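Accompanying notes for the structure given below.
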Amino acid sequence: MFDRRRRPQSDFSEELQAHLALEADRLRAAGLSEDQAQRAARQNLGNLTISGERFYESSRWLWLTQFTEDARYALRRLRKTPAFSITAILTLALGIGATTAIFTLVHAILLKSLPVSNPGQLYRVGKEPQCCVWALYSQGKEFTLVSYELYRHFRNNTKGFEELAAFQAGGTSLGVRREHGENAAETYFGEFVSGNYFSMFGIGAYAGRTLTVADDRPGAPPAAIMSYRVWQQKYGLDPSVIGAAFNINDKPFTVVGVTPPGFYGDTLRNTPPDFFLPLTTEPVVRGDSSMLQQVDRHWLHMIGRVRAGQTGASIQAQMRVELHQWLQSHLGDMGANDRSRLSQQTLYLSPGGAGITSMRQEYERWLQILMMVSGFVLLIVCANVANLMLLRGMERRQQTSLSMALGARPMRLVRQALTESLVLSLLGGAAGLAVAFGGTRLILHFAFQTITASPISASPSLPVLFFAFGISLLTGVAFGIAPAWMATRVDPVEALRGVNRATRRSGSLPRKTLVILQAALSLVLLSASGLLTETLRNLEHQNFGFEQNGRTVVNIDPVLAGHKPEQLEWLYGRVHDSLLSIPGVSSVAACLYSPQSGDGWNELIYVAGRPAPGPTENNLSWIDRVTPGYFEIIGNPIVKGRPLSEQDTAASRHVAVINEAFARRFFQNENPIGKYFGNAEIRSAGEYEIVGVARDARYLTNRLEEPVEPIFFVPEAQSVVFADAGNKAGEVRSHFLHDIIVRMQPGAKLSEEQVRRTLAGVDPNMPVMRMQSLTEQVAGNFSQQRLIAQLTSLFGILALVLASIGLYGVTAYTVGSRTNEIGVRMALGADRVRVVALILRGAVALIAFGLLLGVPLTLAAGRFLGTQLYGISQSDPLIITAAILVLALSALIAAVIPALKASSISPMQALRAE
Amino acid sequence: MLTREETNRTALLQGTLDLLILRILVFGPQHGQGIARAIQLNSEDVLLVDHGALYPALQRLEAQQWISAEWGLSSNNRKARFYTLTAKGRRHMAQETSRWRTLATAMARILDLERLESLPKMEG
């Protein structure tokens, strides 16, 4: 068919016939009779059929023609048995779809590179990304962030980089308003980047131009780049935006260009930056919180493109030397701690093609777990479909034997069966793409709830399509091989003699093995889902140390509204009073970071009257700044002394409340009340007087298995005067409180509309960034755990159902084929109970083997989950026992139904049936 | 391919049948039955071609474009497929013929030996 110049079969047959005729003519001419001539001619000609077959088989494209034939035949057969086909295709769609959905995420988060040119040439500084600001001169295991001065030092001295760019770690919120035509600012996410950021990435502007080094000079006209998403969604691709005047945080800027669609910056995150501003505009935008000129505030990441021929290792070595040069040059500014740690300071270069990989790190483990889970489900699905195929093969035994008796070669039959499997699995794969698309969207929705503009798309890309196709093929081969091979291990005579004449299923060993496999895998999934669900429960119900019910967190950003530090006290006073006036509100307080908000601020502590801490001493503590009434609102009890209150004003002495962990770390057995300490500078060691100790509460969202970290609380109304400029700026920044906690009276509800209106009444330029109940805020930190637990449970139930169906199928088939035997037994006196027991024995044996295989796998799975578990051991016997019981119960139900049917067979009927 | 003494089946080297067919076709276009008959007659009944061998050989030759084929009428007005030698085929045949002759001569020389030509002494 594919060989155009090829002769058709008919033409060759004609030639053979002609040959026959000519030979007969010759023999007739030699004197034989008509009959004899024909017979002799035929004899001389040899086996015509074989000649014809050889001709047919000499075609180069034979395998393709045969494959097409087999495929068509398979489709016809599938159409004839719609029940089987639909079941198989749906089951396959589920398995392949789930795996493909997970792969879509794996590809987007773990495997893809940044959409920039030549990502392979990019290197970033830092192995484990940190965010967002490091102070002073030591950074733990490695230097990952740099200050502006340090960046310039590297940029000017490292010749190995063609371009070295720096950009703000973590980004920042900006209030943006177009100069002519917009009155209210809207909040967007933005990032400060160096002038060569876009040229380093090799990204050109989609419209207008990108930032250049000329824009990144002090005194240059402030330029900004807008993202394509904002240009499209907010401004409808309006070309007049390019070159238009904008106000960013109330400062004049010009938008000079738009990034290409699909460019999401240097970090895969839930909200990609919408505006890119030059580094040198940072002081203008952030005013008193500016960090650009502070040499010891490290807030920039670096990514560079290496020159051809340079290796990462050589550049890394050179950069380490440069780092030490820079540190040496600041020896005089360092504290004792930094000086003693100086020799340990180092940095690492790692491949930067994927950008800053914090999302990768965060989600890597989850995606690995999900991939394994979906892989298990796929295996179970394969086992199920293989079982179905084996059954089909059994039913067709007579036909297969006939074909073999008539001369069909076993290989051909195997190929036929395999083709059928492939067709089935490709159909399942196609249906699975739809499942994958829906599944991915579902997962994205639940896992990344705070997304406003995710760069992760659920639509299948080319790699995903290839993956789905590949998996379908593999699946088809996996579940097709066994039935195909089984199909040919048929003794034709045996089959033609008749069915149902067996006492044991000789051919059902593969089916039984499959059921055992399914049972084992189901056990693993059930146990895993039990472990993960229990983990989630433990996480959500742990003792947080504060009250969640009836509290709402309103998140604002006074920086955006352009408030000056002097205005803050007035601002928060007004916010407090106006929110209190809403009916149903019982109390209001503000804080820098609410518990479980995901963010925090830490400081170095110096206790009055003590020498400076040595290099091995941990004098770190977290800090929170609060307004009066905070501890009461948050439900955090004070165990000693008093909370912060209205009596702590700007004029009164500086006070602080510490938590129990702080007291333990810095005061051990002494009573901390009345003692003095300070932060940031040792000369401030007598700054705060401790007036109260609060119960330990979980503020931070990570390292939940470790004890609570020390934290101290200082009043909003009080300010410390520092000598160092950086500390001064930090102190100022810490007064801009973000979270307002509103406590409602029991039964009262707070509407977002009300809050927005009230706050707009206080300051129309200060929008509400986010508002959610404290319960939601806490729960939001566990959305991944919840998703994993839910998905694993779903798959666990699915696996259980499939395994039960498999067991039911095998048992029913056994009953069906042993009908004669049962009839004989019953005729010889066996009662119903004995028959049921007989059938159940087989089923129980299968499950027992399944458990035998499954328990060690479960223990291994527990070890794999390892660090993801919380408050529960990897091999929790309760969970495993529960899983075993659930499996055993459903297996029992699955097996009992056909067993009961078997016991109700009437012996006469059984013996009569054939 | 059989010889008349069925007890001693002689296997032919591959390509030998091809050469025979090409040689037969030098004398003009011929159909399958005619070629088989010609080989039988002209080898004095030593070589009998059966169709399991003939037609695959013809298909091979046609695929290599050493012969071309077309339907025509036989001497007694039967429709038959006639094969003709192409120029390419003629060249190939000439090459193969000389190779075959060289081989046959060498075979004959050794098979007709009275005594061995100088043979290096085997060292003990």
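The values are calculated or read from the model by the stated rules, or taken from the named source; none is laboratory data. Quantities reported herein were computed from a predicted structural model and do not represent experimental measurements. Please note: Cβ atoms are built from the backbone with ideal geometry, for glycine as well, and neighbour counts cover all protein chains shown.
Any residue at all in the stretch A:70-77 that is surrounded by fewer than 20 Cβ atoms within 10 Å (Cβ to Cβ) and either within 14 Å of chain B (Cβ to nearest Cβ) or in a loop (DSSP other than H, G, I, E, B) (or both)? Among the residues of the stretch A:70-77, not one is surrounded by fewer than 20 Cβ atoms within 10 Å (Cβ to Cβ) and either within 14 Å of chain B (Cβ to nearest Cβ) or in a loop (DSSP other than H, G, I, E, B) (or both), which makes the answer no. Among the residues of the stretch A:122-152, write down those that are crowded, with 19+ Cβ neighbours inside 10 Å and either in a helix (DSSP H, G or I) or basic (K, R) (or both). The answer is A:R124, A:Y148, A:L150, A:Y151.
If you check A:V116, A:V106 for being in contact with a strand residue (DSSP E or B) (Cβ under 9 Å, 6 or more places away or on another chain) and either under 30 Å from A:A436 (Cβ atoms) or within 14 Å of chain B (Cβ to nearest Cβ) (or both), only one passes: A:V116. Can you give me the number of residues within the stretch A:86-120 that are in a helix (DSSP H, G or I), surrounded by fewer than 19 Cβ atoms within 10 Å (Cβ to Cβ) and more than 18 Å from the chain's Cα centre (by Cα)? Summing the residues that are in a helix (DSSP H, G or I), surrounded by fewer than 19 Cβ atoms within 10 Å (Cβ to Cβ) and more than 18 Å from the chain's Cα centre (by Cα) in the stretch A:86-120 gives 5.
For the stretch A:144-171, a residue qualifies if it is of a type in the set (S, T, Y) and over 17 Å from A:T280 (Cβ atoms), and the qualifying residues are A:T144, A:T158.
Here A:E716 fulfils each of the conditions (1) of a type in the set (D, E); (2) at pLDDT below 85; (3) buried (at least 16 other Cβ atoms within 10 Å of the Cβ) apart from (2). Would you please name the residue that is surrounded by the fewest Cβ atoms within 10 Å (Cβ to Cβ), looking only at residues in the stretch A:346-363 that are assigned to a helix (DSSP H, G or I) and not acidic (D, E)? The qualifying residue surrounded by the fewest Cβ atoms within 10 Å (Cβ to Cβ) is A:Q361. The set of residues in the stretch A:618-644 that are among the polar types (S, T, N, Q), more than 15 Å from A:Y688 (Cβ to Cβ) and buried (at least 19 other Cβ atoms within 10 Å of the Cβ) comprises A:T627, A:N636. hydroxyl-bearing (S, T, Y), under 30 Å from A:A336 (Cβ atoms) and not in a strand (DSSP E or B): does that describe A:T210? Answer is no for this residue.
The listed residues are A:R642, A:R653, A:R683, and the only one of them that is modelled with pLDDT under 90 and over 42 Å from the mean Cα position of the chain (by Cα) turns out to be A:R683. Once the stretch A:157-186 is narrowed to residues that are assigned to a loop (DSSP other than H, G, I, E, B) and under 35 Å from the mean Cα position of the chain (by Cα), the residue that is nearest to A:M319 (Cα to Cα) is A:A169.
One line per residue, one yes/no per condition, for (1) free of Cβ contacts under 8 Å to residues at least 12 places away in the same chain; (2) in a strand (DSSP E or B); (3) among the polar types (S, T, N, Q):
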| site | (1), (2), (3) |
| --- | --- |
| A:R653 | no, no, no |
| A:G686 | no, no, no |
| A:N727 | no, no, yes |
| A:R743 | no, yes, no |
| A:E753 | yes, no, no |
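Those strands (runs of 3 or more DSSP E) of the stretch A:548-644 in which at least 3 residues are touching a His at 6+ places or on another chain (Cβ under 9 Å), considering only elements entirely within it, cover A:585-591.
Please work out if A:E53 is modelled with pLDDT under 85, of a type in the set (D, E, K, R) and assigned to a helix (DSSP H, G or I). Spelling it out, A:E53 is indeed modelled with pLDDT under 85, of a type in the set (D, E, K, R) and assigned to a helix (DSSP H, G or I). Flag set for A:N602, criterion: at pLDDT below 85 and within 24 Å of A:V778 (Cα to Cα). How about the stretch A:212-236: which of its residues are in contact with a Gly (Cβ under 6 Å, 6 or more places away or on another chain) and surrounded by 18 or more Cβ atoms within 10 Å (Cβ to Cβ)? Those that are in contact with a Gly (Cβ under 6 Å, 6 or more places away or on another chain) and surrounded by 18 or more Cβ atoms within 10 Å (Cβ to Cβ): A:D215, A:D216, A:I225.
Taking the criterion of being within 22 Å of A:G470 (Cβ to Cβ) and either touching a Ser or Thr at 6+ places or on another chain (Cβ under 7 Å) or among the basic types (K, R) (or both), the only residue of the stretch A:79-94 that qualifies is A:L92. Among the residues of the stretch A:33-69, the ones that are under 22 Å from A:V414 (Cα atoms), within 13 Å of another protein chain (Cβ to nearest Cβ) and in contact (Cβ under 8 Å) with a residue 24 or more places away in the chain come to 3 in all. For beta carbons closer than 7 Å, sequence separation of 6+ or different chains, a first residue in the stretch A:420-449 that is closer than 22 Å to A:T87 by Cβ and a second that is of a type in the set (D, E, K, R), the qualifying pairs are A:E420/A:R77. Could you tell me which residue of the stretch A:7-32 is farthest from the other protein chains (Cβ to nearest Cβ), considering only residues that are assigned to a loop (DSSP other than H, G, I, E, B) and closer than 29 Å to B:A63 by Cβ? Applying the filter and picking the extreme gives A:P8.
In the stretch A:688-702, the residue that is surrounded by the fewest Cβ atoms within 10 Å (Cβ to Cβ) out of those that are assigned to a strand (DSSP E or B) and without any contact (Cβ under 8 Å) to a residue 40 or more places away in the chain is A:E689. Among the residues here, A:E282 qualifies as closer than 29 Å to A:P565 by Cβ and assigned to a helix (DSSP H, G or I).
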